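The structure appears right after this line, and notes come after that.
What follows draws every value from the coordinates through simple rules; no lab data is involved. For clarity, every value in this text was computed on a predicted model and none was experimentally measured. As a convention, Cβ positions derive from the backbone with ideal geometry for all residues, glycine included, and neighbour counts pool all protein chains shown.
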Amino acid sequence: MDTPKKRIFSGIKPSGELTLGSYIGAIRNWVALQNDYDCLYCIVDMHAITVRQNPADLRRRTLEQLAQYIACGLDPEKNIVYIQSHVPAHAELSWVLGCYTMFGELSRMTQFKDKSRKNADNINAGLFTYPVLMAADILLYQADLVPVGEDQKQHVEIARDIAGRFNQVYSPTFTLPEPFIPKTGARVMSLLDPSSKMSKSEQGGDGCITLLENPDDIMRAFKRAVTDSETSVRFDPEHKPGVSNLMTIYSCATGKSFAEIEAEFEGRGYGDFKTAVGESVVELLRPIREKTQELLANRDYLESIYAAGAERAARLAQKTLDKVYRKVGFVPRARG
Ligand code: ATP
Ligand code: LTN
């Protein structure tokens, strides 16, 4: 008998246009996993509102993100693709898990500290309990693996801790999830400031490449990318963060190894190198951009995808939620 496939869950907030970082650090890996795992890929709109969003933009970006998931190669037949707010069990489990999460452990989350600094006028409770909702996302589906970029490792670890605690207090209920982080491209840095992550909520300017960006803008951004005062293309993230970041991007776009890239640009200047990286990204993103535009013109199709996705997800989620409600001692709802 075949062993059942392992379960994967991951999500991205529709808090800005998807970037080359979201693609290389997350979506690209989702696509690679879709044949060998049983996968759910979510658009986590409830997480997005922990930072103030313009409602019309949030709605537009949510649909755009769905189109982009598919354009990047996620097959909505093979995977469950859906919108978080369409499955109420996320919010329901999140409340319960919050009662098994400590104030102290949430206070240590680096993303909370980081976002509090950046949104000092809106340090709301949702921002603080964000990891609890994320734990609910993952644990509802009994996910074994959570493919994310490096920055989300701490959040998957706290989900695991919460699951372990709940299992300990009651009896085995949740699968303990593990982060699944790519070897190359786990952290794509800003082109203008290679010490900070390329981030979709800090767009504008040439530091960030969005998936829908046009070729001229992509080339301009790469030509302006910050490097260093040497001339050699060499992978050394500590001393040459800008060049190493460009090498990572180039390697992901072309499949070439760092050694091959170093050999290719031996004795050539940074100008040639930046042009080559830019061109590789233009070619990487071209089909994604075109396919996204095509899908966005077909709203009925997109609606049928997210409707079917939510239905399939809700069925799986309800099983876990029922189990949890029973274990904590809630009276089952009367039938009929
Ligand atoms: P925001 O700026 O709104 O916080 P973000 O750009 O950091 O958003 P997320 O929605 O937090 O994007 O991340 C989506 C997924 O992409 C996560 O798995 C995250 O780890 C990964 N990711 C995001 N940015 C990068 C990056 N620059 N390099 C590698 N992975 C990334
Ligand atoms: N916190 C993540 C987005 C996210 C997520 C998840 C990722 C929300 N729920 C569940 C993996 C699994 C982020 O900021 N990138």
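Search the structure for amide H atoms under 5 Å from the amide H of Ile83, placed 1.01 Å from N in the peptide plane, and list their residues when 5 or more places away or on another chain.
Residues meeting the amide H criterion: Ile43, Ala310.
Using all alpha carbons of the chain, what is the percent of pairwise distances in each 20 Å bin, ordered from the shortest bin to the longest?
30, 56, 14, 1
Can you give the Rg and Dmax of the range 1-157 based on its C-alpha atoms, in angstrom?
In Å, with Rg to one decimal and Dmax whole: 15.6, 57.
Per DSSP H run of n ≥ 4, the term is -39500 (n - 2.57); total these for the chain, divide by its residue number, and report the mean residue ellipticity at 222 nm rounded to 500 deg cm²/dmol.
Values: 13 runs with 171 residues, N = 336.
Result for the chain: -16000 deg cm²/dmol, rounded to the nearest 500.
Cross-link partners among lysines for Lys291, C-alpha distance below 29 Å, same-chain residues fewer than 8 apart left out?
In chain and number order, the partners are Lys13, Lys78, Lys183, Lys197, Lys200, Lys223, Lys256, Lys274.
Scanning the chain for GluC sites (Glu not before Pro) in DSSP loops with at most 13 other Cβ atoms within 10 Å, what's the longest stretch left with none?
Working: sites that count: Glu77, Glu230, Glu238, Glu266.
That gives 78-229 as the longest site-free run.
Suppose the Debye formula is applied to equal point scatterers at every Cα of the range 184-251; what is log10 I(q)/I(0) at q = 0.27 Å⁻¹?
The computed values of log10 I(q)/I(0) come out as -1.33.
Ignoring solvent entirely, what values of log10 I(q)/I(0) come out of the Debye formula for the range 74-153 at 0.25 Å⁻¹ when each Cα is a single scatterer?
Log10 of I(q)/I(0), two decimals: -1.33.
Given the range 246-336 reduced to its alpha-carbon atoms as identical point scatterers, what log10 I(q)/I(0) does the Debye formula return at q = 0.14, 0.15, 0.16, 0.19 Å⁻¹?
Rounded to two decimals, the profile gives -0.73, -0.76, -0.79, -0.91.
Sticking to Cα atoms, compute the Rg of the range 150-277 to one decimal and its Dmax as the biggest Cα-Cα distance, whole number, in Å.
Considering the range 150-277 through its Cα atoms, Rg and Dmax are 19.0, 64 Å.
Output ³J(HN,Hα) for the range 75-92: one whole-Hz value per residue in order, computed from phi by the Karplus curve 6.51 cos²θ - 1.76 cosθ + 1.60 with θ = phi - 60°, and x for Gly and Pro.
Values per residue, Gly and Pro as x: 8, x, 7, 6, 10, 8, 10, 7, 9, 3, 5, 7, 10, x, 4, 4, 5, 5 Hz.
Find, among the chymotrypsin sites (Phe, Trp or Tyr not before Pro) in the range 230-336, those assigned to loop by DSSP (not H, G, I, E, B) with at most 13 other beta-carbon atoms within 10 angstrom.
Those that pass, being in a loop and sparsely packed, are Phe330.
One-quarter of the Cα convex hull surface for the range 128-179, in nm²?
Values: hull surface 13.4 nm².
Projected over every direction and averaged, the Cα hull of the range 128-179 covers 3.4 nm².
Looking at the range 176-225, which trypsin sites (Lys or Arg not before Pro) are in a loop (DSSP not H, G, I, E or B) and have at most 11 other Cβ atoms within 10 Å? Provide the component values of the computation, followed by the final result.
Values: sites: Lys183, Arg187, Lys197, Lys200, Arg220, Lys223, Arg224; in loops: Lys183, Arg187, Lys200, Arg224.
Answer by residue number: Lys183.
For the range 227-280, just say rounded, prolate or oblate: build the C-alpha gyration tensor, square-root its eigenvalues into a ≥ b ≥ c, call rounded for a/c under 1.5, and beyond that prolate if a/b exceeds b/c, oblate if not.
Details: a/c = 1.41, a/b = 1.21, b/c = 1.16.
It is rounded, given that a/c, with a ≥ b ≥ c, falls under 1.5.
Can you tell me the FRET efficiency between Asp322 and Asp216 if r is taken as the Cβ-Cβ distance and R0 is 56 Å, rounded to the nearest 0.05? Present the calculation step by step, with values, prior to reporting the outcome.
On the way: r = 54 Å, r/R0 = 0.96.
That gives a FRET efficiency of 0.55.
With each pseudo-label sitting 7 Å past Cα toward Cβ, what's the Ser171-Ala32 distance in nm, one decimal?
Distance between the two pseudo-spin positions: 4.0 nm.
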